[in-house]
Amino acid sequence: MPSTDPPHDVAWHASVVERVLAGDVDAYGVLIALYRPRCLRYARRMLGDQDEAEDVAQETFVRAFRSLAQCEQPGYFGAWLTRILVNRCRTALEKRMRWDRLVARGGSTAERVEPIEPDEWTSGEVERPSLAQVEQALQFLSTEQREAFMLKHVEDMSYDEMATLTGTSVSALKMRVSRARDLLRRRLLEVSNGRTT
Amino acid sequence: MDGQLDGGGGPRDSVPPDPVNRAIELLRLDVPVDERAFDARVLDAVRRDARNRTPWRRRLRQPAVWGGVMAIAASIALLVVTQINSRGPATTPTSHAGAGRLANTEPLITTSAVSTVAMRSDARGVQLVRFRLAGVRARSITVAGTFNGWNVSATPLQRVGATTWVVDVPLRAGRYSYQFVLDHRKWIPDPHAPRDAGDDFGPSNSVVTVAGGNGS
């Protein structure tokens, strides 16, 4: 599983989790430090907000600690933590969507976008997108599309792993990733050309 | 469908670079954050959560709690003795000695262990830190800490006597937390080194500070 980051192997994870379960809270700090980058990166990209991302990442670690005894495969703590992280991000977005209609509009826009062909891409004259532009464009994907895109292309998960984690079929996930790529490409080109919708 | 990162997969110059691939590169970057502050904040939240969810009966069964209680009791006793001493010659040697025995119960690990940390510098600013643990019987002893990612196997101590073990570790200036690991399963802090803050529900780590800079 990619969620077990090298060079820390399965046995190492199992030993640290065992230590935490034995009452050594400080040992949990090791896992926090190891998985902080992933949690913050995923939460920030999914939520598009730094403060909210830090809150969700913190909540993820707290919930994981609280439920650590239920982690059936301590050696794969990373995969288990990622599942909690994905669920926390979903919950945060659901809460926000009740209040923020903009996000909901972005999701509905995604369904209307048609794939574009490579020859429609603008040539090298267009500036390369910045991270801020990419993050902004990412927010125009639906939650499901953004989640699938992030897990596949940023967290490097296989479709089988994604299916296990999200409870969604592989074919549906492939469709979401494909549509996410099309929509993201269109948004980035629009931003590069000075057009926004 | 999977989205290759090679710019579309076609011959060079025949297909313009896909901006999505550039986007993926950017999205893979770590999010800037004050790592120490974030980690400390999360660990504090974890501790608060653990504290709030631990029943009092279970808390009272944990040795660390009793260690804390004993430490507080010893401090109070010492304070009382000091106050009595300050009032005049009425204090007896017996009462003072009793307070001393209470104070000595504060360490939570075996009192037979004796360790020291010695250092010497080299020209590159790296210092050799000697971790020494004595008076402990074990088949193997390692030291795990922030300097080796808390790896329980990376830094084994060598036996230099019947119950004396040492290892020299080159460390840059900074503050490092660590514990000894006996037989790959039992973690003990260094009985003769300063401790970090720890908390009420687990043993705190020992701390060694290598002079010349901040952080670890």
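No lab work stands behind these numbers, since they all come straight from the coordinates. None of these values were measured; they are calculated from a predicted model. Methodologically, a virtual Cβ is constructed for each residue, glycine included, from the backbone with ideal geometry; neighbour enumeration extends over all protein chains shown.
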Least to most buried among A:Glu59, A:Glu94, by other C-beta atoms within 10 Å and fewest first, runs A:Glu94, A:Glu59
A:Asp51 and B:Ser153 label points (each 7 Å along its Cα→Cβ direction) are spaced in nm at 4.5
Rounded to one decimal in nm, the spacing of the 7 Å Cα→Cβ label points at A:Asp160 and A:Lys174 is 1.5
The local net charge around B:Asp39, scoring Lys/Arg +1 and Asp/Glu -1 for residues other than B:Asp39 whose Cβ lies under 12 Å from its Cβ, equals -2
